[in-house]
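Below is one structure; the comments refer to it alone.
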Amino acid sequence: MKILASQAKFNQANELQNEKFDRLLSKQGDLITAVNNLSAEIKELKQLDFRMRQKNSRIRTIIRRAKEELLAQMLLIEVKKKLELDYTRLNY
């Protein structure tokens, strides 16, 4: 009788350990899934960051060229004003 009671306690303890182990395996699987999802999101964010840096570089280039063009036009206006002033001085 004692042997059967001991065997029953052992089996019950073994079942509890198995349940705990199953829960730990399930949690481990959930953690692995979460880590994989985070890794995929990090990769996606890095790609997005790279594309944004490329766009920012293009935008800076466009702005720089626009500034250069604007300065060139302003210089032309100043030269034109000076030439007109010189021309009017020559005529008087």
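So what's the net charge close to residue 49: Lys and Arg +1, Asp and Glu -1, counting the other residues with Cβ under 14 Å from its Cβ? If you can, show how the numbers build up before the last one.
On the way: positive: 43, 46, 51, 53, 55; negative: 41, 44.
Spelling it out: positives minus negatives among the neighbours equals +3.
Per-residue ellipticity at 222 nm for the chain, helices alone: DSSP H runs ≥ 4 residues times -39500 (n - 2.57), over residue total, nearest 500 deg cm²/dmol?
Details: 1 runs with 90 residues, N = 92.
Theoretical 222 nm ellipticity from helices: -37500 deg cm²/dmol.
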*Would you list which aspartates and glutamates come within 16 Å of residue 27, measuring only between C-alpha atoms, while excluding same-chain residues fewer than 8 positions from it?*
19
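Given R₀ = 41 Å, what would the calculated FRET efficiency be for residue 26 paired with residue 6, taking r from the Cβ atoms and rounding to 0.05?
On the way: r = 30 Å, r/R0 = 0.74.
For residue 26 and residue 6, the calculated efficiency is 0.85.
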*asked:* Between helix 2-91 and the chain, what is the angle of the helix's C-alpha long axis to the longest principal axis, kept within 0 to 90° and rounded to the nearest 10?
replied: 0
*Least to most buried among 3, 62 (fewest other Cβ within 10 Å first)*: 3, 62
*asked:* I want to verify a result. In a Gaussian network model of the chain, Cα cutoff 10 Å, which of these has the top mean-square fluctuation: 81, 43, 55?
replied: 81
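Bear in mind these aren't lab numbers, they're just calculated from the coordinates by the rules spelled out. The model shown is predicted, which means the values in this text are computed figures rather than measured ones. Cβ: placed from backbone, ideal geometry, glycine included. Neighbour counts: every protein chain shown.
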